[in-house]
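Report on the structure given below.
Each reported figure results from applying straightforward, stated rules to the coordinates on display, with no laboratory input. The model shown is predicted, which means the values in this text are computed figures rather than measured ones. Neighbour counts are summed over all protein chains in view; Cβ atoms, including those assigned to glycine, are modelled from backbone coordinates with ideal geometry.
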Amino acid sequence: LNEGRRRWHLRFDTPDKYQHMMKNYYRLITEIDDASRRIYHELQNQNLLENTLIIFTTDNGLYHGEHQLAGKWYPHQESIRVPLLISDPVRMPPSKRGTINQDFTLNIDLAPTILSAAGIQIPDVMQGRDIAELYTTKSDWRTEFFYEHP
């Protein structure tokens, strides 16, 4: 029995377990929404919003019983595709704001993006790229990546 399947049994294998887990999950998400909203409004109140890079993402997706799995290790869409919303009012042209881009970004792109936005040179040894390339230039962006889980 693999770990994802074992955790599915612990969390989701009955309707009552599923309801309990999902209610708790959505309580957590609601609190994150509320905290994010408070931070956004505070930036707005301090007139900092138009000079602040905001990145909203997560480290991974979680299975909520899909494929009779729980956890986050397998490369199905539910686990590997995560939300990434960027507000970059300094570098993002108005025509790109509110648009959707389907290019692959990876967690290794976050540090170079933040460094670049802060005006700090990205070290040559750092993996990843500045995500702003996707909305400031017509760069050749990755079309594939390698994923492995032991």
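General remarks:
- Region 103-146 and region 4-49: distance between their alpha carbon centers, rounded to Å: 28
- Across region 1-52 the C-alpha pair distances fall into 10 Å bins from zero in the proportions 22, 26, 21, 16, 14, 1 percent.
- Difference of contour (0.36 nm per residue) and Cα-Cα distance, ARG37 to LEU106: 22.3 nm
- A simple spin-label model places pseudo-atoms 7 Å from Cα toward Cβ; at ASP59 and LEU84 they are separated by 1.8 nm.
- Against the main long axis of the alpha-carbon atoms of the chain, helix 15-45 sits at an angle near 20°.
- Remark on the chain: Rg and Dmax equal 18.6, 54 Å (Cα only).
- Eligible lysines near LYS23 by straight Cα distance, threshold 22 Å, same-chain separation 8 or greater: LYS72
- Anchor LYS138: lysines whose Cα lies under 16 Å away (excluding residues fewer than 8 positions away in-chain): LYS96
- With a Förster radius of 22 Å applied to the beta-carbon distance between ASN2 and GLU66, the computed FRET efficiency rounds to 0.90.
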